[in-house]
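The values are calculated or read from the model by the stated rules, or taken from the named source; none is laboratory data. Bear in mind that the values here come from a model prediction, so they are computed numbers and not experimental data. Glycine also receives a Cβ, built like all others from the backbone with ideal geometry; neighbour counts cover every protein chain displayed. Accessible surface areas use protein heavy atoms only, side chains included; no ligands, DNA or RNA. Shrake-Rupley method; radii C 1.70, N 1.55, O 1.52, S 1.80 Å.
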Amino acid sequence: MTQSETALLPADASGIAEAARLLAAGGLVSFPTETVYGLGADARNSHAVARIFDAKGRPRFNPLIVHVPDLNMARRYADITGVLADLAQSFWPGPLTLVAPLVDGHGLSPLVTAGLDTLALRVPAHPAAQDVLRVFDGPVAAPSANPSGRISPTTAMHVMEGLGGRIDAVVDAGPCPVGLESTIVGGNPLALLRPGGLAQEDIERAIGPLAQAGEAITAPGQLASHYAPGATVRLNANAAHPGEVLLGFGPMASDLNLSLSGDLIEAAANLFDHLHALDALGRPIAVAPIPECGLGRAINDRLRRAAAPRP
């Protein structure tokens, strides 16, 4: 397969219809969400889901998030009641993934859950994602549309650079506004499984404190080395060493800056795009300190995984 065989689709009625047709035929289609671009396949079709793992080079023990257009469809596949229902009512559609028990007769591919008896579900807010899901009218398994473990894509061009020629199409609706993957919560007691585009403080204001997550992989995005550029990454750097490029935060001299004003929302939106740009220079990347609060927790989580020893 050559890169020219991956179609770039507009986010208009014709592009959305073609994306839904490809999904129904067992194809792989990348589409934007408010967080990052996802790589979608029909979650009921094991052959299509297996193609996600093959295209990304993703470990089979790493479960996938299923995207649906609304809470009603989510309940066809998982038991979203109690505090999970409260969270869904408060934050869906949006950058929150809920891990809930599977219901009987769900009809999903076992590859989606990696053999677990729970399912990660999300209702994205991005208009193009909503359009794709509603026209397709079914559950779409969609991890981030990048080679496994590498920097997540926030533009259609990032997807084409990483997966062009390995997937069927990309719906191009411009850059993703949030720029960090969704926050994931689940378990009993309910725990933060992955920090992301919805701040932990917002969740805890709605439902109270979250528990500490265990070490087992029960949701996507929990691998120790993940979201990594090709270059090595050094954290909490106040200046670049010789030969390094510096990713700054706040008012400082740097090669690229996540947010000169120190705005964590702006920093989150810029994180992956700036990492892509610096990685293209082929030099080690030093990263300035990021505050460990609000969306800073999710930014630091991604940076720690990017800097972790590679498998």
Using a 1.4 angstrom probe and counting only protein chains, how large is the accessible area of R51 in Å², to 10?
60
Which order, highest average first, do 250-260, 178-188 follow once you tally other Cβ atoms within 10 Å for each residue and take the mean per peptide?
178-188, 250-260
Using a 1.4 Å probe on heavy atoms of the protein chains only, the accessible area for T33 in Å², nearest 10, reads 0
If each K or R counts +1 and each D or E counts -1, the residues other than P289 whose Cβ falls under 13 Å of its Cβ total +1
Of C176, C293, ordered by accessible area with the largest first and a 1.4 Å probe, the sequence is C293, C176
How large is the accessible surface of H241 in square angstrom, using a 1.4 angstrom probe and rounding to the nearest 10?
100
With a 1.4 Å probe and all protein chains left in place, how much accessible area per residue does the chain have, in Å²?
39
Taking 25 Å as R0, compute the FRET efficiency from the Cβ-Cβ separation of A211 and S46 and round it to 0.05.
0.15
In whole percent, and with a 1.4 Å probe on the protein chains, what portion of the accessible area of the chain is carbon and sulfur?
54
